[in-house]
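Asker: Here it is, the structure in full.
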Amino acid sequence: MGPKLRPTSNGPMDKFVKPSYKLATPAGSTSPLAQSPQASAPVPRKPLDEQEEESDESYFIHWCCGDKNFKERSKGGTVEDFLKRNSEFRRIAEKNKNKELVIVRDGKAISSHFPCSLIKNDTLIIKFIKAVDHPKQSVGGSVRPQRKRPSGELVMFHVWTKGGKKVVNIMRNPALKTDFSEITVYAYKGEKVRKALRRDGRLKDVVFKKNCVLSHTSTDANTGMSSLVDDLDGETFKIILLNKSNPPESQPDSQDDAYMMQNEAEQSTTAESVNDNILEKKPKLNGNMAPEKILCEIPNSKIMQCHLSSQFQDVVKGKKTLQGSKLSRIQNLFRVEFGKNAQTCMEVKTMKTLMDLSNSVCQVRISNNPEGSGFLLFGKFVLTNAHVVKGIYNEYTRQLNERVTVHFSYESLNPMESGAAVEEVVGFEYGPVESSRECDWALLRVCADQTLPDALLKCFGFLPQSGGICIIGHPDGGVKKIDPCLIIPTENQNQVVERHRSENPDGVLPENHHYSENQQRIQMITQRFFEDVKKDVQRIRQLLTYESCFYSGSSGSPVFDKHCNVVAMHSGGYAYRNARGEGQSVIEYAHPLSFVNERIILQMVERRMFDVLKEYLACDNPEHQNTMTSLKKVVESRNLTAFKNAVNNSLVKSNESLKTFFEFFSQREEPVPMDIDEAYTV
């Protein structure tokens, strides 16, 4: 049997299910919409953390698809993130899953990772074109994404989809050249043209392998691939082949993407060739003449360069075989560690805010033994994972078989606080639910005989797509800790699995095995374990994935985004022990708090626990309306009569917040005529 998903407490194993739809990726490369799950082509990836910082300014973005128009508020991020938040777009994307998404701005195709801040006053047109079956590389190629930059440093320039003579076909997807004459590329000031074009991901490799340049469509002035993009804003270019010589060599671009850098370092070793075939000499100063550079060509330099390069490659290959590619590991160490530090580094004010919010995080103990973590969600109700209390909770009688307490102040080894007793489990779901998703949550009512911290529902937020997050909890049953880590986007999950496989050449053991089995048995487990993990991670797209040091005892910990919003609940991972018996985990995961909130409300209504629902509604939740809108679609699609019948309940009639809540679900939405001022243009 393959590996089981191990929750990060001592509870049972988890399972995952497939999501109901797939999301689009940048135009010009085959996206998950354009290929079946069995396709062998690599899945394109969106650059990690290449979005500009979200600004405090919010604004509306117009977009349309066919005869449907939308106007929605955005607050930075990428076009892809913006569109994915819209349920109608997800429905349209699912209908066109065998096609490629194209986003059009001002008649020009933009990438899906295009920054929203550059399209404030434009109308986006969503189209779908014939997809490329087998792209040669994923979106962004071998781009090494750089650190986030302020949106003020962004520039845009336009490129014809048809190249010059001898390099006419430059688009990965030929349909782009047929349907659009230009694409728009964004870049950051201070970076090179080559990096911006590679990040865009829609151009063929031939553009970078040959000596191509950007030729201005008006002045015919050429801009090389190693030139900076600073002066290209608003200009239009055509890609031409300058000559048949090899492109000039340049230094590597930014190296901040930890996951991509790790795989690149392991798969290839870069040999620096002998650079220019010139030698700079300083002449003697003669009178008032300024020193000049005398260019002297080294005889037979071409032959010498090829010979030295060949010898160097042979030496590197030999060292890689004999020493396990020590050079690659050293390069990888610096690239990965510095890259991770740059993305997880936080401002002091952010850490101060997280320290205040950490007061609401608690340790869950059963008979005074640490079993997991949790946090005060609203009122006097603590949220944790269902598997934390599953062993001592009877779902039929809804009774706890042992004493459960929560401890908010366990921050030192000599705590003075005795903890708050749990009166009852008011909500509980473990396993698959009607929506074909997994649930693993429990809502605990705490005795209000002591002062409780602030509720975290007031800091609720939706899942980010990339970047840094922070987990606060009690790993290994110890004192309260915080772990800053990086989100693993879906497209990078397999790379993380392969990295763990390569780091364990001597084999691994499942977490529930002991390090007493022979080496041959370990080797047999190795391949099956990582193969099954790779299959499973393809089915967890609805969950947040990352690499964390929070293992046993940390289930139920809140996960915060970079804005200190609590976005998910840390729940489990793929655990194993290496050949030395050391505990490891391939990937950790968390359930989105948005989904958990919906399930809590549904269960409270179905169980007629209106007193709990009243306390939920009394908590200030900035995303309450968005939650209600999403939940209403679920109620209507399933025709849940409990919401309609609750209007006549006496407690509901006597409480204004409950009455308003259920009246919202009984309302029928009528089409609203569009005002003239709100009309959309195409």
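The values are calculated or read from the model by the stated rules, or taken from the named source; none is laboratory data. Just so it is clear, the structure is predicted and the values come from calculations on it, not from any experiment. Methodologically, a virtual Cβ is constructed for each residue, glycine included, from the backbone with ideal geometry; neighbour enumeration extends over all protein chains shown. These accessible areas exclude ligands, DNA and RNA; they are computed on the full protein's heavy atoms, side chains included. Shrake-Rupley method; radii C 1.70, N 1.55, O 1.52, S 1.80 Å.
Asker: Please state, as a whole number in µm²/s, the translational diffusion coefficient that the Stokes-Einstein equation yields for the stretch 153-246 at 37 °C and 0.692 mPa s, with Rh defined as the Kirkwood radius across alpha carbon pairs.
Answerer: 251
Asker: Whole number in Å², please: accessible area per residue of the stretch 523-607, 1.4 Å probe, ligands, DNA and RNA not counted.
Answerer: Solvent-accessible surface per residue comes out at 28 Å².
Asker: Give me the number: length gained by fully extending Val479 to Cys447, i.e. 0.36 nm times residue separation minus the C-alpha to C-alpha distance, one decimal in nm.
Answerer: Residue separation times 0.36 nm, minus the Cα-Cα distance, leaves 9.3 nm.
Asker: May I ask you to give the percent of accessible area on the stretch 533-664 that is carbon plus sulfur, with a probe radius of 1.4 Å?
Answerer: Answer for the stretch 533-664: carbon and sulfur cover 46 percent of the accessible area.
Asker: If you roll a 1.4 angstrom probe over the protein chains with everything in place, what fraction of the accessible area of the stretch 466-505 belongs to carbon and sulfur, to the nearest %?
Answerer: 48
Asker: Tell me the net charge near Ser87. Cut-off is 11 Å between Cβ atoms, Ser87 excluded, with +1 for each Lys or Arg and -1 for each Asp or Glu.
Answerer: Counting the neighbours of Ser87, the net charge comes to +3.
Asker: Under a crude label model (7 Å from the Cα following the beta-carbon direction), how far is Ser367 from Asp179 in nanometres?
Answerer: 6.4
Asker: Another one. Between Arg398 and Asp231, what FRET efficiency comes out of the Förster formula 1/(1 + (r/R0)^6) with R0 = 51 Å and r the beta carbon distance, rounded to 0.05?
Answerer: With R0 = 51 Å, the Cβ-Cβ based efficiency is 0.15.
Asker: For the stretch 431-479 and the stretch 556-588, what is the separation of their C-alpha centers, rounded to whole Å?
Answerer: Cα centroid of the stretch 431-479 versus Cα centroid of the stretch 556-588: 13 Å apart.
Asker: If you don't mind, another one. Using protein chains only and a probe of 1.4 angstrom, how many square angstrom of Met628 are accessible, to the nearest 10?
Answerer: Ignoring ligands and nucleic acids, Met628 comes out at about 10 Å².
Asker: Follow-up question, since we're still on this one. Output the pairs from Lys165/Lys195; Lys99/Lys195; Lys390/Lys653 with a Cα-Cα distance over 30 Å in this structure; if there are none, say none.
Answerer: Beyond 30 Å: Lys390/Lys653.
Asker: Listed highest first by mean packing, meaning other Cβ atoms within 10 Å per residue, what order do 232-240, 566-574, 84-92 come in?
Answerer: Ranked from most to least packed, the peptides come out as 566-574, 232-240, 84-92.
Asker: Need one word for the stretch 387-431: rounded, prolate or oblate. Basis is the Cα gyration tensor (sqrt eigenvalues a ≥ b ≥ c); a/c below 1.5 gives rounded, then a/b vs b/c decides.
Answerer: prolate
Asker: At 7 Å along Cα-to-Cβ for each site, give me the label-to-label distance between Arg580 and Thr660 in nm.
Answerer: Inter-label distance under the simple model: 5.9 nm.
Asker: Right, something else. Can you tell me the length gained on complete extension of the stretch Asp620 to Lys165, counting 0.36 nm per residue apart and subtracting the Cα distance?
Answerer: Taking 0.36 nm per residue and subtracting the Cα distance, the gain is 157.5 nm.
Asker: Using the per-residue mean of other Cβ atoms lying within 10 Å as a proxy for protection, in what order, highest first, do the peptides 175-182, 422-429 fall?
Answerer: 422-429, 175-182
Asker: Okay, moving on. Which whole-angstrom value gives the distance between the alpha carbon centres of the stretch 172-212 and the stretch 347-394?
Answerer: 48
Asker: Is the stretch 580-638 rounded, prolate or oblate when judged by the Cα gyration tensor, a ≥ b ≥ c being the square roots of its eigenvalues, rounded requiring a/c under 1.5 and prolate requiring a/b larger than b/c?
Answerer: prolate
Asker: At 7 Å along Cα-to-Cβ for each site, give me the label-to-label distance between Glu498 and Val647 in nm.
Answerer: Using points 7 Å along Cα→Cβ, the separation is 5.7 nm.
Asker: Take peptides 124-131, 486-493, 634-641, 359-366 and line them up by average Cβ neighbours within 10 Å, highest first, as a rough protection proxy.
Answerer: 359-366, 486-493, 124-131, 634-641
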